[in-house]
1. Hey, what's the stretch B:176-304 come to in accessible area per residue, 1.4 Å probe, Å²?
2. Based only on Cα atoms, what mean projected area does the convex hull of the protein assembly as shown have, in nm²?
3. Which FRET efficiency, nearest 0.05, do residue B:360 and residue B:252 yield, Cβ-Cβ r, R0 30 Å?
4. Evaluate the charge dipole of the stretch A:55-134 about its Cα centre and quote only its size in Debye, nearest 20, assuming +1 on the Cβ of each Lys and Arg and -1 on the Cβ of each Asp and Glu.
5. What are the principal axis extents of the Cα atoms in chain B, in Å, biggest first?
6. Under 5 Å between amide H atoms, partner at least 5 residues away or on a different chain: which partners does residue B:277 have, H built in plane at 1.01 Å?
7. Starting from the Cα of residue B:162, step 7 Å along the direction of its Cβ; do the same at residue A:169; then give the gap between the two resulting points in nm.
8. Dipole of chain B, Cα-centred, from +1 at each Lys and Arg C-beta and -1 at each Asp and Glu C-beta, to the nearest 20 debye?
Amino acid sequence: MTTCSNCGVQLEDNMNFCPLCGEPNLDETTENIEYIKLRKQKQEEKMMTSFQKLSGKQKRKLFWEISGILLISGILISLVIDLLDGHGLSWSVYSMSICAVLFVNITLFSFLYRKIILSFAGSFITTAALLVLLDIFKNNIGWGVKFGVPLLLFAYLIVFGLVMIIRKAKEKELNLITYSLIAAGLISICVEALISIYQDGTLNLYWSLIVIICVLPVSSILLYIQYRLKKGTDLKRFFHI
Amino acid sequence: MEKKAHKAVRTDKFWFGLDNAAKIFPAVINKDFTAVFRLSVVLKQPVRIKAFLKAVSLSEERFPYFKVQLKKGFFWYYLEHIPLHFPVEFDHKNPCRRFAHNGLLFRIMVSGKKISLEFSHILTDGTGAFEFLKTLLALYTKELALELPRDFEYLKPGEAIREEEYEDSYKRYFREDIPPIIKRPKAFHLPGQLKSSPHFEMINTILSLKDVRALAAKKKVSINDYLVSVYLYVLQEIYEKLKHIRKYKKCKYIRIQVPVNLRNIFPSKTMRNFSLFVMPGIDLRLGHYSFDEILKTVYHQIRLETDEKLINKNISRNVGSEKKIYIKSIPLFIKGFILRMKYLSLGPKQYSGVLTNLGMIKFPPDTENLIDHFVFTPPPPNKMTKVACGIVSFKEKLVLSFGNITKSNELEERFFQFFRERGLEIHFENNKKHMS
C-alpha cells in the first residue's frame, strides 16, 4: 500500500497511476521524493498560472488601454503633422474624429460589457455624431442627418437584435449563420428604402427584395439541416403539465 | 407498481417531473446560490481508492433515479435519464459548486481520508443523499473484506428497486380542501457585507456529543432544540448590539428554518425530496429573551409545528399551488419570473437563519471503526440569510458545519463562545486561525 502524493488516497502496490487524480504512483525513495516535489511544484505553478490568468474584465481593460494608447497617439500625430503643414486644421479632422469615436466606442464596450443596451445606445449616439460631423466637414449637404443617422439607427437596431438572439440561442451552430443572413437581408431593405426616400422622396424597393428572397430559402435550408439531425423531442415529455 | 421501476432501469430514456420542493430551484439557482449541499465522511485512514471505486461502480445500478439530467419542458423542468457512470473526482475545488448543464446532478469526491457527496436539491434531500452514502460505505466495508451484518439495512445492489423510491411523496400526502397558510411577517436578517464571488466558505467544527447532550439534558430538551435555541440567542445578541438606527430599520422577528424529514411523519421510502421545515422564532418587540425563555418557546414551537395536521397544511399550500391549472399552464419562461419572486417572499424573507440536523448516524461496528466523523454542510445560503448551519452526530462527535457568504464570522464566533463559556472545547476541522 502506498499513498498518492497528490490526493492522499491509498493505492494498491500494482497501480502505476492514481485512478483518482492521475498522478504516478512512486515509492518515496530519495530519487523519487525529488521528482514528487518537482511535480508538486509544477502543479502548483500550473495552478498559479491559471490563477494568474486574466479574467475577462482584465482582458478587456488591457485591450482598452492598448487601443487607447494607439488611438490617442494617432490623434496627436495627425494633428501635429497637419499643423506642421502650415495650413491649419484640414485633413486631420477626419482621422482625429474617427479615432476619437472609435476610442469612445471601445471604452463603452469594454466597461459596459454587461449593460448591452447602454453600450449600444452610447455607441449609436457617438457614431451618429461622427456621421453628422463628417457631413459638416465636407460641404454640409445634409446627408448626415437625413440619410446617415436613420440608416445607422436601423443598422444598430438590427445588429442589437441579432446580438440578443445569438446570446439567448441555446445551440450555436448553423442557426447563427441563418440569423446573420436574415439580419443582412433586413439591413439591405433598410438601405434601399432610405436611399430611395432620400433621393426620390418615395419608397421603391427592388434589389433588396431580391436579396431577402434569396436569403430566406437559404436560411430555411440551414435551419432544416440544423434541426433535421436532431431527434424529435418527445412531445409528452416536453409538454408535461 | 414494480413494473415502472424495472422499466426505469432498463429503458434508456425514462424521465420524471420535478418533485414539489425541487420545482423552485431551477428558477433561482445561480453561480453563488447553487442549492448544492455536501455530505462528507472523514475516515480514520486514507481512502483505499481501488475498493472505493469498486463500491461506487457496484452502487450504480441501485440508484437509477440519480442518473438524470435537468431538462427544460414547455411548462416545467423535468429530469431525464442520462447514461453516465457515477463520477469520482479529486476533491480540491470550491465546495458546493453549481452543476453544469447536461450532466448529473451530484458528484462524488475523494481527498485523502475524506469522501464527500455533493447533491443538488433538485435531485434529493439530505436523507436521500445519506441513503446513498450508507450504501457506498456498506459496499466499501465489504470490499475491504470487513464484516457487514446481514441484517444491516441499506439499499443493496441487486434487490428490486421500489416504485416508491421514484415518487413525489408530497403529491401522495397532499390533501385538498385545506385552508392556505397565513403569511408570516418579514424576519430579521444578519447585517454584513458579502464576500466577493465565489462567496461560499465553510467552517467545520467538532464538539463533544456527550457534553452537548449533557447541556441539553440539563434543560430537558433535545439536542436539536438546544442548538436552535443557541442560534436564536446568538442572533438576538447580534440584533441587540446593532446601533439604534439600524436596529430600528431591521425587522424584529427572529426565525430559524429547521428542515424536518417528513419520512419520519409519513411512511415514505422516496429517494427524492421529502422534507419541509418548521420555523421556531422569537418576537423581539416583546423585549429581551433569556436563554431559558428561548429554550421553552422553541421546545413548544417545534412540537406544535411538527404536528401532522399542520404539516399537512404546509404540504397543501405548496402542492396546491402547483396543481392549479392556471399555474400549470403558464409557459416555463414566464413561470421562472414568478417563481423567483415567490421564492424570496415565501422563503428567505421569512427566516433569519437555517439549521439543518441530519441526526445521529449509526453503522455496524466494522464500518464504524473506519469512520472518524461526518460533516453535513447545507447549501450556500442566499444573500438575505447569509449564514446556514448543518449538524450531524456520529459516535462521540457532533459536527457543526457553517456555510457563510459574508466577510464576517461574528455569528459563528458567538456560537462557539456560547459553548466555550459552558466549558466545551471546540475543534476546528479546517484550522481557522482567527477563531481557534
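The values are calculated or read from the model by the stated rules, or taken from the named source; none is laboratory data. All values reported here derive from a predicted model rather than from experimental measurement. So basically every Cβ, Gly included, is an ideal-geometry build from the backbone, and we count neighbours across all protein chains shown. All accessible areas refer to the heavy atoms of the entire protein, side chains included, with ligands and DNA or RNA removed. Shrake-Rupley method; radii C 1.70, N 1.55, O 1.52, S 1.80 Å.
1. Numbers: 6420 Å² over 129 residues.
Per residue, the stretch B:176-304 has an accessible area of 50 Å².
2. Details: hull surface 171.5 nm².
Value for the protein assembly as shown: 42.9 nm².
3. Values: r = 35 Å, r/R0 = 1.17.
After rounding to 0.05, the efficiency reads 0.30.
4. Numbers: 6 positive and 3 negative charges, 135 e Å.
Approximately 640 debye in magnitude.
5. Extents along the principal axes, in whole Å: 64, 56, 41.
6. B:260
7. Result for the modelled spin labels: 5.0 nm.
8. Working: 74 positive and 46 negative charges, 313 e Å.
Around 1500 debye, computed over chain B.
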